[in-house]
1. Given (1) in a helix (DSSP H, G or I); (2) within 13 Å of RNA strand B (Cβ to nearest atom); (3) within 21 Å of A:Asp705 (Cβ to Cβ), identify the lone condition not met by A:Thr889.
2. For the range A:818-831, enumerate the residues that are surrounded by 17 or more Cβ atoms within 10 Å (Cβ to Cβ) and closer than 16 Å to A:Thr853 by Cα.
3. May I ask you to list the residues in the range A:196-234 that are under 22 Å from A:Ile357 (Cα atoms) and within 16 Å of RNA strand B (Cβ to nearest atom)?
4. Quick check: is even one residue across the range A:301-322 more than 16 Å from RNA strand B (Cβ to nearest atom) and buried (at least 22 other Cβ atoms within 10 Å of the Cβ)?
5. Taking the range A:235-245, which residues are touching a strand residue (DSSP E or B) at 6+ places or on another chain (Cβ under 8 Å), open to solvent by 10 Å² or more (accessible area, probe 1.4 Å) and either more than 27 Å from A:Ile386 (Cα to Cα) or within 9 Å of RNA strand B (Cβ to nearest atom) (or both)?
6. Mind listing just one residue for me: the one in the range A:370-379 that is over 12 Å from A:Ser206 (Cα atoms) and surrounded by 15 or more Cβ atoms within 10 Å (Cβ to Cβ) and, of those, farthest from RNA strand B (Cβ to nearest atom)?
7. Only residues in the range A:599-626 that are open to solvent by less than 10 Å² (accessible area, probe 1.4 Å) count as the first member; pair them with residues that are among the hydroxyl-bearing types (Ser, Thr, Tyr) and more than 11 Å from RNA strand B (Cβ to nearest atom), Cβ under 7 angstrom, at least 6 apart or cross-chain, and list the lot.
8. Out of all the residues in the range A:442-469, which are part of a strand (DSSP E or B) and either open to solvent by 50 Å² or more (accessible area, probe 1.4 Å) or in contact with a His (Cβ under 9 Å, 6 or more places away or on another chain) (or both)?
Amino acid sequence: MPLKPLLGTICVVFLIFFAMESSNELPKAYEPQNVENRTYKAWLDSGLFNPDAYPEAKNPFCIIMPPPNATGRLHTGHALGYVLEDLMTRYHRMKGDKTLWLPGTDHASIASTNKVEKLLAKEGISRHDLGREKFLERVSQYVEQSRSDISNQGRLLGASCDWSRERYTLEPAMTKAVRTMFARMYKDDLIYRGTRIVNWCPRCMSTLADDEVNHKDQEGILYYIKYPIKNSEAFLTVATTRPETMLGDVAVAVNPNDPRYQQYIGNVVTLPLANRDIPVIADEYVDMEFGTGSLKITPAHDPNDFEIGRKYNLPTYRILDDEAKINFDSLRKANHDLSSIQQFEGMDRYTAREAVISALQTAGLFEKKKTYSNSVGVCYRCDTIIEPITSLQWFIDVNKKTPRHNESLKEMGLRAIHSKDIQIIPQRFEKQYFQWTENLRDWCISRQIWFGHQIPVSYCLPENGGCGETIVSVEEPLQCPKCSNTKPTPEEDTLDTWFSSGMWTFSTMGWPDNAEEKDGKIIKKGDLATFHPTTVLDTMWDILTFWVNRMILMTEYALDEAPFKTIYLHGMVLDKNGRKMSKSHEETAIDPLEMIEKYGTDALRLSLLIGVTPGNSMRLSQDKVESYRNFVNKLWNISRYILTFTGNEEKSEKTAKKPQYTLADRWIISRLNNLIAEVSKSIEHYEFSHAAELLRVFTWDDFADWYVEISKVEGDKRALLLSILEVLLVLWHPMAPFVTEEIYRLALSSFPPTHPDRPALLMVRAWPQSNSSAIDEKIEQEFLSLQKIVQTIRNARSENHISAGEKINLIFYTPHKSAFLTPHIDTITRLTHAGQLTIQDSGKKPHSALFLTTEDIEIYIPLTSMKIEEEKTRLDKEIINIESLIGKTNGQLANQEFVAKAPEHIVQDLHQKVANYQDELVRMQEQRKRLI
RNA sequence: GGACAGUUAGCUCAGUUGGUAGAGCAUCGCGUUUACAUCGCGAGGGUCACAGGUUCGAGUCCUGUACUGUCCACCA
């Protein structure tokens, strides 16, 4: 390209830039829409989200993003997580730690499958119509789109994660990790295949883990059915809520101590309809109080019955197929006569229920029915009532000790928290964690879902001429390693999604390649060595059991260490009426993306941070977001004032050599250093709301309403104002990154040259150190007394309806404080809109004037239209008030025990208080006399 | 059945080793400077759910009760 036009372009760009930067015409209100995309791009382009950009940084800080499901749109719950994680990440990055926030998404087998099935349903087809391969294609398409949506929405929130390390639970590297893990656990005998009762969702056509089943209360019906006792006229009546399952009954059980049934134990009853003979057995499990005290045993369709069936060696007849339709194959195999029940076969479970009842009625074996409230298990994804059935599945044994650790997975999970290797915030959730982990049962990890990690198992099937070998291997085997003459058939089932997400902290960091075992110890390399165990896991308490627990077990197993040091549990975001967003009505649900568009990301972020405590649910409303939009705008305007309206640089250069700090200067510096210390401490202690609150009070009250106002009187404070502003920008940045980065960009040329290492982007500006020598309690007290004087006068103005336009004169009468007050005459005058302020330490006191007293000062406001009678009444009231205060306080001081036992400073303070009250009382009484 | 939270101003919520209660929003009154009406100044408003106990002193610690919410287990 020729040089001249290039130069021309640069010049034009420079001029536009210069014109924009130096004009006094910053918009009156902050305009997030014009800032956020550009700012995020600048961050991305800088490459500074990547910890590799800081080779010298030492202390590692790492958060693994809980991978959102790749099923659609970002909701407020995600937003809260992103905001908290980004806050911590930005804080630690600014502190100079080697900071990594690793993003990713989850393939969420069941959720994704359901979404796509719903889409297919609109086309009138099912996944089975489509076939496995084509269906998986559709899911992949859908998931790809969602993943990129979700990840873009994270960017809108300002998430400063290292996108170059982004992971997906179903990418090839994760598959390798998952297969490796499975193979190792299998080798260690922790994974087995067996027939157990599982929770079966007939709609998803898959098993569900215990905690994937929700319990819903319902008004059910308890049916009483008579089972004739063989060779007798008598019956045993059983009560059941699922009468259709009786077709698979194998026994009737009673309590061995039940006097009603003693004589029947060991007898045989005839199973109605089926006309099968089944035994009457006795077991302590049966509750004599419930129903009739006799219980039908259906091992294939109830977990407790299954246990009893095993205990007494009873057969198991599964009479419901995978779609929950009646199917008698297992009875047929056992050569039972099915002629009397044939008509039920093929019926849906609820149709069969009606049919069975009516058949029983016809047979005269139906006694009665009763309404009964109980709860049923439903699928956590589709709300379908789950059916317990026996099924051949893969399980992880949580009680078996591993060869390497000589500790079971359950023990690992308990130890990690007991030993305080992992801290849970808030601590009370430890109890819930322990309770759940102690009751942990073997984890069913196989799912009959197509979308997911295929279980790395193949079978050398005899029907294909194979040897029957079960082959578990990381790579898919091409031939059977044992008989090597057939191609093994791969297992069709996939793994529970939580199996892969349980490995999330280390599979994302290159495991297993980045770790090897040497002499019984695990040597980590690369990111795994730098960042693992990760620092914090932020998530919601509802998946403490689903996910967090599994992460701990699997990480301890694979790496002999915890996945993270701290678990921060945030609460649930509710709508303004306290309902779950997902269940709330359209008009009260908050869409984070809509809030961002309307009020800006920073406003949304602040409304998710302030007034929120860990573990407690929070309400979010549009009003709240709006009020923080207002705050963001306030910060903008403070900055706008400092950057464009204080400019009197010629003047300040003359006097800037040795600044003489005024009381207000020293006060704000003291407050600022205090603030730095407190905010840092709060963030370190995960008290984010408190940190934000401290910042808000400082920024709005101390800085804007007092200091900036005073600076207008005292003048020449550009340098100091800028310095304070810069610190404020840094402190606010982790919470409100966009507006602060933008102000910083605008301000970069204006900052005084006192900090040599000022980076181009605020996001990497060093977090400030608090200078404790600048914190001065005495100065803060003095300034407080100035504030009290101003407030007392303002209050009097308002109470007496003296309009702001009316210039009043102030006469201060004070024998001791005139030296203190003299330098602040202008400030007090200005802040109270007074005309003239005179200070007297002796002489005549004015008569026709409003009288105030505070801080050892008598304040007189002479008024032309003084209403003496009103003033008398007012003073009388004040006098009564203060007398009662004195009475109360003296009462307490008269308490011998209080004086003897309370700490001295408390007693001293009270004495001081009484003295002050007394003093004010005397002044008021004197003034009252003068008014007569 | 078991466990855990919550109950503080009209509303939403803070309140960190027990020292005499705060903020935002809402309400009411008043609108003046070198930024901000998405603002400023001022005001009102609380038996801290209830009942006991420990203590000189309890919103804060202990016990019990009520209500609300959540979780777990059982449910023939």
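1. Single failed check for A:Thr889: (3).
2. A:Leu821, A:Ile828
3. As a first pass, look at the range A:196-234 and keep what is under 22 Å from A:Ile357 (Cα atoms): A:218-230, A:233-234.
Those that are under 22 Å from A:Ile357 (Cα atoms) and within 16 Å of RNA strand B (Cβ to nearest atom): A:Gln218, A:Glu219, A:Gly220, A:Ile221, A:Leu222, A:Tyr223, A:Tyr224, A:Ile225, A:Lys226, A:Tyr227.
4. Checking the range A:301-322: at least one residue is more than 16 Å from RNA strand B (Cβ to nearest atom) and buried (at least 22 other Cβ atoms within 10 Å of the Cβ).
5. Across the range A:235-245, the qualifying residues are A:Phe235, A:Ala239, A:Thr240, A:Thr241.
6. That would be A:Val378.
7. Close Cβ pairs (under 7 Å, with a partner that is among the hydroxyl-bearing types (Ser, Thr, Tyr) and more than 11 Å from RNA strand B (Cβ to nearest atom)) amount to A:Leu620/A:Thr76.
8. Correct list: A:Gln454 only.
The values are calculated or read from the model by the stated rules, or taken from the named source; none is laboratory data. In this text, all values refer to a predicted model and were calculated from it rather than measured experimentally. Heads up, the Cβs are rebuilt from the backbone with ideal geometry, glycines too, and the neighbour counts pull from every protein chain shown. Accessible surface areas use protein heavy atoms only, side chains included; no ligands, DNA or RNA. Shrake-Rupley method; radii C 1.70, N 1.55, O 1.52, S 1.80 Å.
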